[in-house]
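Quick notes on the structure that follows.
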Amino acid sequence: MKQFTAEQEEILRKWGQVAKQHEQAIHFNLSKEGYMGLKRGLKTFLDDPNEKTFREFWNRGMLWAAQRGGSATNVLRRWKQKNKTIPELQKLIKEVYDSKEYNEDWEQVLGAHSTLRELYGKLHIEEYPIQNSCDDCGLKFFGYKGKSYADFQKVFKEFKNGYQEVVGHATKDTDHEVPINFEIDQLSNVIHKVDWPDLEKEDNVDARDFYELVLEQKSVDLKCYWKISPGENANYWDVWRDEGFIAIGWDKIDVSKGNIQKQVEEKYPDGKAGYIAKQFGYFTDDMKEGDVIVAYGNNQILGIGEIAGEYHFDGAAKEYKHRRGVEWIDSAPKDVRQLETTLCNKLKQRITILKLTKDEYLLIENGKAPRRYGEFELDLKNKKREQEFDINILHFEQKTKDIMVRQITAALKNGKHIILIGPPGTGKSKLAKEICEFYCDGNGYTMTTATSDWSTFDTIGGYMQDESGKLKFSPGVFLKCFHDENGTPINKWLIIDEINRADIDKAFGEMFSALTGDNISLPLTRNDKAIKLIGNPSSGDKVESHRYAIPKDWRIVATMNTFDKTSLYEMSYAFMRRFAFIPVDIPKEINADLINNYLEKWGIEGNKEITDRLSEIWKIINKHRKIGPAIIEDIYRYVETLDDFTSALIMYVFPQFEGLDEDKLVKFVKEISEKINDDKRLISFVSDYFEIDEDELKK
């Protein structure tokens, strides 16, 4: 028995849990009606055979293949073309119903092999598997593949043995018990149909978690790309385009009988049997719904489309009877001579069907090869990251400045993000800007302020309506750092002011893992592709609009106010490990000379009287709650203009005292009142603002 991978076993175990607890969700329905309703419809047709009862039984019997190309209309049309009657059709269907073995001759008689295999499986669900494109996809997902129904039975049996070892019989003894074969069919249904947008549509949490596991495993692009020529000199292109199909010749070959190469040798003795058999293998077995078709002829890409139906043999056609439905998306001709020589020569080969790589298809579609991350690595590299930072704009005591410079330089060199932490007014925001100005040459950064309402919608992004009213993905502040508006990779550092005002776990979400080098798939899509965060991009990674690569040199420089701890969200340990916390404290010694040094840095001519009084006031303030020089600058500029210390304190200092104990606040008011001339107004303000009795403040 074939061994499942660890990821496949995890998916099977999760499916077992979901199937046991839930009868249905968006992409599965573990109800007996899924096969019993078909049997009832069939019996109605057998009892009253006519076109109406056949259509109702065939189209409404939950047959996936009938929905995808083998419809009752097509079956009846082909049946009539063979000059057969409804009673003869009744006889064939009854034989299918009664038979204990599947007979592949039925496929040739009816001309609908996919629908017949699905029908037979549902009618004999206890003993036989259902086979349609969903089941083929499901088994292929786990590494199994069978062409004929007989082959499919063999690989299904092998898979079923492994399924029972891992899952058992998930629905056994539940209110919605169904046969194991039907469980596997519904599992395949999920694997084939589920897509990233379903994560938002699905209300069932367990099913949604299961979908995500499957989608992560399906993240490798399983779509195939094919070049096909519509006859010599593209003679059949107009018909293919107008009627929505593709076709190959060799009409004497009967696909239902198998052994194509032997048939070719017998019926086309002058043909290249190996080549023709390979072409049939591509057309009837390997091509699948959703695959991309590139029609080529006369040095032109004639059209691009997607396969929309199963293989069928159209006996009524004059020639090229082996056919598949195609939905043509683009029928504007393109000159292949504009493409690179290697690809141009490949397309010109006199071969009907050729398999293309995705890169080759993108080159055809876009006229240029996909961009690779390595093309941008030099531009994304931060050329100053190894240099030592210096503080020039702000003033700090020399010893404090030297320590901060060493800490900032070392943290950035060692791959850490930075949080500048300190009291209000110490210059954290200005220092964050100076850091980014130095390392990003002035324009390679952006700044935002965190709020308590932040979520991943703000940071990573989400869906918003465009001008036409359609939902479109809009990147958040993080993702805007990695792509410009044209989808070109960039490295824009991010300043987050007051970061601890956000609920970090809620706001950062999947960015946690991406910051440590993991690749993360998000439950969001852009251009119908799941958005991915690439935590450790390599040179060969493709640059695509849905892939956001985090440059190795990208950094967050954040600020955090130490006084906000009691009212704001605490940071998790997992978050803190990704950052270096660098203190930005107030000066150790406060005096008039220190303030004069600041005034010189701010470009202000000092006033000795104001400077002396302000140094004393600053000392008193810091005894009760520390504030930085930025607030002192605000006070100085106000007093210099209006000579009013009371108003300056009310405007710039007391808002910082929110949350201070009442006893400490009263003590502060008494001390500071001795340094100003308008203590009555100050006491009145504090009494109203902090709801403290005035008599208590006057004692």
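Odds and ends about this structure:
- Extended-chain gain in nm, criterion 0.36 nm per residue less alpha-carbon gap, Gln17 and Lys670: 228.3 nm
- Here region 278-316 is scanned for amide nitrogen atoms under 18 Å from the site 7 Å beyond the Cα of Lys262 along Cα-to-Cβ, giving 278, 280-281.
- Its Cα centre serving as origin, region 592-698 has a Cβ charge dipole (Lys and Arg +1, Asp and Glu -1) of approximately 380 debye.
- Extension gain, Gln164 to Ser513, is 122.2 nm, computed as 0.36 nm per intervening residue step minus the present C-alpha separation.
- Efficiency of FRET from Cβ geometry, Glu232 and Ile86, R₀ 30 Å, rounded to 0.05: 0.15
- You can think of it this way: the chain between Asp359 and Asn596 has 78.8 nm of extra reach, that is 0.36 nm per residue less the Cα-Cα gap.
- For the chain, the share of DSSP beta bridges that are antiparallel, to the nearest 5, is 60%.
- Phi to ³J(HN,Hα) by Karplus 6.51 cos²θ - 1.76 cosθ + 1.60 over region 478-485, Hz, x for Gly, Pro: 5, 5, 5, 7, 10, 9, 8, 5
- Ordered by the number of other Cβ atoms lying within 10 Å of each residue's own Cβ, fewest first, Tyr282, Tyr275, Tyr311 fall into the sequence Tyr275, Tyr282, Tyr311.
- With neighbours defined as other Cβ atoms within 10 Å of a residue's Cβ, the residues Ile419, Ile403 order from fewest to most as Ile403, Ile419.
- For a paramagnetic label modelled on Glu605 (point 7 Å from Cα along Cα→Cβ), amide N atoms under 18 Å away belong, within region 621-641, to 636-641.
- To the nearest ten degrees, helix 205-217 and the longest principal axis of the Cα atoms of the chain are 80 degrees apart.
- For region 257-276 versus region 405-422, the gap between their alpha-carbon centres in whole angstrom: 71
- Cross-link table Lys218/Lys346; Lys223/Lys532; Lys623/Lys698; Lys160/Lys223; Lys140/Lys355, entries beyond 24 Å C-alpha to C-alpha: Lys218/Lys346; Lys160/Lys223
- Whole-percent pair-distance distribution, where bins are 10 Å wide, for the alpha carbons of region 225-370: 11, 42, 34, 11, 1
- Listed cross-link partners Lys272/Lys348; Lys626/Lys675; Lys288/Lys318 are compared with a 21 Å cut-off, the Cα-Cα value being larger for Lys288/Lys318.
- Nonlocal amide H pairs with Thr449, under 5 Å, H built at 1.01 Å: Asp497
- All C-alpha pair distances within region 6-217, sorted into 5 Å bins from zero, spread as 1, 7, 15, 19, 19, 15, 11, 7, 4, 2, 0 percent across the bins.
- Kirkwood-based shape ratio for the chain, expressed as Rg/Rh from alpha carbons: 1.16
- Pairwise centroid distance, computed over Cα atoms, of region 458-510 with region 1-49, Å: 40
- For region 398-583, the fraction of alpha-carbon pairs lying more than 24 Å apart is 39 percent, rounded to a whole number.
- Net charge contributed by nearby residues that have their C-beta within less than 12 Å of Leu123 (K/R +1, D/E -1): +2
- Computed from backbone phi with θ = phi - 60° and the Karplus coefficients 6.51, -1.76 and 1.60, the 3J(HN,Hα) list for region 245-255 is 7, 10, 7, 10, x, 6, 5, 6, 7, 9, 4 Hz; x is used for glycine and proline.
- For region 374-438, the alpha-carbon coordinates run over 43, 20, 20 Å along the three principal axes, in decreasing order.
- Computed [θ] at 222 nm, helices only, for the chain once each DSSP H run of length n ≥ 4 contributes -39500 (n - 2.57): -13000 deg cm²/dmol
- Computed from the C-beta positions of Asp254 and Gln387 and an R0 of 60 Å, the FRET efficiency is 0.20 to the nearest 0.05.
- Whole-number Å³ per residue for the convex hull built on Cα positions in region 103-190: 91
- Phi-based couplings in Hz for region 459-470 (Karplus 6.51, -1.76, 1.60; Gly and Pro marked x): 8, 9, x, x, 8, 9, 6, 8, 4, 8, x, 7
- Other-chain or far-sequence residues with amide H under 5 Å of Arg372's (modelled H): Val543
- Histogrammed with a bin width of 5 Å, the alpha carbon distances of region 592-698 distribute as 2, 12, 25, 25, 18, 10, 6, 2, 0 percent, first bin at zero.
- The chain: angle of helix 86-98 to the longest principal axis, Cα-based, in degrees nearest 10: 70
- Tilt relative to the chain, helix 72-81 - C-alpha long axis, 0 to 90 degrees, to 10: 20
Read-outs throughout are calculated quantities, based only on the coordinates presented, and are distinct from any laboratory measurement. All figures in this text were calculated on a predicted structure; none of them were measured in a lab. Glycine gets a Cβ as well: all are built from the backbone with ideal geometry, and neighbour counts include every protein chain shown.
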